There are 2 protein chains.
Amino acid sequence: MDEYDEAKKIGSYLERTSRLVKLRYLQAFAQLGVDITPEQWVMLDSLYHRNGQSQTELAGDSYKNAPTVSRIIDLLEKKGFVERQRFENDRRRYKIFLTTAGTAAVEKVQPAVSSLRQQSWENLSDADYTDFFRIINQVFENLNGGN
Amino acid sequence: MDEYDEAKKIGSYLERTSRLVKLRYLQAFAQLGVDITPEQWVMLDSLYHRNGQSQTELAGDSYKNAPTVSRIIDLLEKKGFVERQRFENDRRRYKIFLTTAGTAAVEKVQPAVSSLRQQSWENLSDADYTDFFRIINQVFENLNGGN
DNA sequence: TAATAATAGTTGTCATGACAAATATATTCC
DNA sequence: GGAATATATTTGTCATGACAACTATTATTA
């Protein structure tokens, strides 16, 4: 039962930490007067690094599914951070582009992101950092395969 | 930018792994014909180990907030897995009790939970296991303090 | 070419989670 | 004792995410 309790926690600890990270991002953005959620930021940031992606590409990049991306892009479009343009050769697809305001939002928020990142890793070593990503990716792979 | 990209991923990797874990739980429960979500299971499991908790206690245990717990208990009650009983001395509070069906559901699902847990840690060492919890808890603490 | 299948995206429904505001009951303090 | 506070829970609103079903467009293939 001790072992069982300990084990239960992987999901719970992942979940609560993930939620806390997202909450801190949300609060940081709000404090800067940038009205976006962490998930919206992930999209904007992805576009900042590669503009003009389709929704399917954005979904793959963030491991989100199509409906989720569709709705996030809707919101970002309403807020004026992003624009949909149809592909020339394939009228099913959109290319999503950051607007000037979208680019500005990403840049405004960047120091806060760096700061939060730094804060996350306080009291932890470089080895911890490396290990953490290795382990969490292995867990992801373990559960993502076939099954 | 390389450093920046790497860093961005802590939130994303936490999030995607957390989501995958929850999805696998959901699928495992469904396959067993047990109609509960991972979050509902966390509540049931908490009650299985300590029956009669109040919603506030359940919230603290799972780091969820009061409205979320209230709604999860609503659903579990509708499904017949849980019962609300008022405290004798404090009529604001409920004690939440597992029903027979609730207990049965927890027990039915337990092997699948163990199995998923084992699968999560394949290709990882005992040290990885220990490190992972140490690191993720430190990250949680880093972000949870004051700020 | 016409029928079929595949792909891109949207919409509907439900559960979770964050926040604010509400209700009901208990506690504190003057 | 009664007013102000605090606590336990509920309800409303919105965003995200999972799934299924849908539309529109493109590709395949018989």
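Worth a mention:
- The accessible-area ordering, largest first, of the residues A:125, B:46 stands as A:125, B:46, per a 1.4 angstrom probe.
- The length gained by stretching the chain between residue A:134 and residue A:78 to full extension, at 0.36 nm per residue less their Cα-Cα distance, is 16.4 nm.
- Between B and A, roughly 5900 Å² of accessible area is buried in total, ligands, DNA and RNA not counted and the probe set to 1.4 Å.
- Listed residue pairs exceeding 30 Å between alpha carbons, taken from A:78/A:108; A:95/B:64; A:79/B:79; A:9/B:108; B:9/B:78: A:95/B:64; A:79/B:79; B:9/B:78
- Solvent-accessible area, 1.4 Å probe, carbon plus sulfur percent, for segment A:1-93: 47 percent
- Distance between modelled label sites at residue B:19 and residue B:71, nm, 7 Å Cα→Cβ extension: 1.8 nm
- Residue by residue along A:109-120, Cβ atoms of other protein chains within 10 Å of the local Cβ number 3 on average.
- Inter-chain neighbour count for B:38-47: the average number of beta-carbon atoms from partner chains within 10 Å of each residue's beta-carbon is 2.
- Area accessible to solvent at residue B:99, 1.4 Å probe radius, in Å²: 20 Å²
- Once backbone amide H atoms are built at 1.01 Å from N, residue B:53 has B:96 as its partners under 5 Å, excluding neighbours fewer than 5 places away on the same chain.
- For segment A:115-130, putting each phi into the Karplus relation 6.51 cos²θ - 1.76 cosθ + 1.60 with θ = phi - 60° gives couplings of 5, 5, 4, 4, 4, 4, 9, 4, 6, 10, 8, 4, 5, 4, 4, 4 Hz, in residue order, rounded to whole numbers and with x for Gly and Pro.
- Per residue accessible area in Å² of segment A:2-120, where ligands, DNA and RNA are left out and the probe is 1.4 Å: 51 Å²
- Segment A:100-147 and segment B:1-80 have their alpha-carbon centroids 22 Å apart.
- Note on chain B: Kirkwood radius taken over Cα pairs, Stokes-Einstein applied at 20 °C and 1.002 mPa s, translational D equal to 123 µm² s⁻¹.
- Folded to 0 to 90 degrees: helix A:2-31 orientation relative to chain A principal axis, Cα: 40 degrees
The values are calculated or read from the model by the stated rules, or taken from the named source; none is laboratory data. These numbers were taken from a predicted model, which means no experiment stands behind them. As a convention, Cβ positions derive from the backbone with ideal geometry for all residues, glycine included, and neighbour counts pool all protein chains shown. Each accessible area value is taken on the protein alone, full model and side chains, heavy atoms only, with ligands, DNA and RNA left out. Shrake-Rupley method; radii C 1.70, N 1.55, O 1.52, S 1.80 Å.
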